[in-house]
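Everything on this sheet refers to the single structure shown next.
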Amino acid sequence: MGKLVLAAIVSSWVIPITIIVNHIVPEPYMDEIFHIPQAQQYCKGNFRSWDPMITTPPGLYYLSLAHIASLFPGFYCVEAASSFFDMCSASILRSINGVLAVICSIILYEIIIHLKPALGDRKAMLHAVVLSLYPLHWFFTFLYYTDVASVTAVLAMYLASLKKNYWCSALVGAFAVVVRQTNIIWVLFVACTGIIDISLMYGKGSARTAKSDVSIEHDFTYDTSAKGVNLKRRKSVKTLNTAEHSLPRISASSPSLSSGLVEEIRATLLTLWRMKWELINSFSPFLMVLMAFLLFVYWNGSIVLGAKEAHAVTPHFAQILYFSLVSVLAQAPMHFTFTHVVDLFQSFWRCRPLSYIQMFLALIAGIFSVHFFSVAHPYLLADNRHYPFYLWRKVIMAHWSIRYLLVPVYMYSWLSIIHMLGKVRSKLWILAYFLATAAVLVPTPLIEFRYYTIPFYFFVLHCNIRDDQHWLLTGMLYVGVNIFTMLMFLFRPFHWDHEPGIQ
C-alpha cells in the first residue's frame, strides 16, 4: 500500500509539470538536440546511425523504444498516432523519465525499508518523497537526458544486491553501464560493499563465539512498546545472511571503531580467503560485467563513444571538494545544526591514529591545493545555462581570497560526511565509497552538479537520520530550489552564448 501511495504522490507533480514543460518548451533543449534525433533514428529502425557528438551508450534509446512500444497500441486505437515513428516526439521521449522517476522513488523506498527495517512505512515514505525531490534528480525528470535512467538503474542494482539476488543485480548493473559508462564504478562498488558486509558479519559472528566482550547493538527500532521489543528480539536471532545489510549502531567496544583501518583490512582479507569459493560463486556475475566493459573499452579505444578529443580523461581532484560541499548543502538542516557541529568536533578529538577521520584528513589535505590551480572545462565556461557557470565565474573566480575561504568549508563538508557514515558503516565501507566517488568524479574535467547525484544518494541512504523535522526542512529546501529552477528554465530565455576569448 505504501508503494502505491508513494507512486501517486510522485506522479502528482511529475504529470502536471511534464505537461507544462512540453507546452512551453516543446523543442529539444541543450543536450536534447543530440539525444532526441538519435532516439528518433532508432524509432525508424536505423540502428547503425550514430551522432558522433553523443558520448554515452544507447541504453536510454533502447529503453525508450520499449516505452513507446507499450504506449503505441493505445495511441493507435484512438487514432492519435498512425505509425510507430509518430510516437517518437520530444514529449513522448521525455515521458520515459517521468515513468522512471516514479519507479526510482519506489526503489528508494525499498532500499530505505531494507536498510532501516524499524523506520516504519510513514517515515520511509517521507524519506523517499524528499529524496525524489532532490533538485539534481528532479529537474532532469522533465528532459530527455540519461540522468534519471542512470540513477534508477544503479539504485535498482543496489537493491537487488541488498536482497542477495546477485545475478539480477549484475544484470541490472550491466544495463546501467549501457546507459552511462561511468556506472561501471558503481557496479564494482556494489560488489565490493556486498563482499565487505558479508566478510565483516562473518568475522563478527566468529568473534562472538570466541570473545564475550564484543557486542554489536542493532538499531532496529525506537519503539518501546511490546511489539517493538518483540521485533528487536526476533531480529537479534536472525541469521547473518539476513542481518548483514541492516545499519548497525557500533558500540564503543566494537573492533570496527576502536581498531585501525589497517587492522580492519587485514582481518577482512583473512576472512575473504576463508570464504573465497563462496564469494567467487556469488559475485562472479559482477566480474563478468567488468570483463565485458574492459573488452568494450579495448574495442572502442576509449571510454566515451563520440567527441573523444573534447572529453579526454583529465584529472580534476577539486571535484571531490565540490561534491562534498554540494552534498552537505543539500542536507543543510542536519549538517549545520549546533548539535551536529559539536558532535563532529568531539568525535574528531577522540579519534585515534589511523582512524577514519584522520585518514581522510590526510587525503583531503593532499588534494585541496589542486583546487587553486583548477580550470573549468571550456564547455562549462561557454555555457551560461548551468548553475556552475555562475558559481564559478561570478563567485569562486571573483576574487582569489574566496577560494581560500572555501577551503575550511570543503574540509568541514568531508568531515561531516565521513562522521555521519562512520556511525553506521565500517571504515572499509567508507574507504570503498570514497574511492568509488573519486573514480567517478576526478577524471571528469566538466563541473556538472548532476554527476553528484548517485554518490549523494548512497551517502544519504546510509545515514541514520530519523528526525522528521530534518526531513521536512530538507523537503522544503528542495521544493524552493525546484520552483526557482523551473521558473528560470521556463520563463527566462537562455542562449548558448560564447564569451570573448572562449573557443
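The values are calculated or read from the model by the stated rules, or taken from the named source; none is laboratory data. This one's a predicted model, so the numbers in the text were calculated from it and none came from an experiment. Positions of Cβ are generated from backbone atoms using ideal geometry, with glycine treated the same way; all protein chains shown enter the neighbour counts. Surface accessibility is based on the protein's heavy atoms, side chains included, excluding ligands, DNA and RNA. Shrake-Rupley method; radii C 1.70, N 1.55, O 1.52, S 1.80 Å.
Here are the numbers:
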{"item": "Accessible-area order (highest first, 1.4 angstrom probe) of the listed residues H23, H127, H67, H114", "result": "H23, H114, H67, H127"}
{"item": "Contour minus Cα-Cα distance for F85 and R274 (0.36 nm per residue)", "result": "62.4 nm"}
{"item": "For the stretch 18-77, alpha-carbon Rg relative to the globular expectation (2.2 N^0.38 Å, N residues)", "result": "1.24"}
{"item": "Length released on extending from W167 to D51, taking residue separation times 0.36 nm less the Cα-Cα span", "result": "38.5 nm"}
{"item": "Gain in span if fully extended, H23 to W299, counting 0.36 nm per residue against the direct Cα distance", "result": "95.1 nm"}
{"item": "Positive-pole candidate from S70, Y109, P135, dipole of the stretch 54-168, charges at beta carbon", "result": "Y109"}
{"item": "Diffusion constant of the stretch 84-153 at 10 °C, which comes from Stokes-Einstein with the Kirkwood Cα-pair radius and 1.306 mPa s, µm²/s", "result": "123"}
{"item": "Cα-projected label distance for A332 with L487, points at 7 Å along beta-carbon direction, nm", "result": "1.6"}
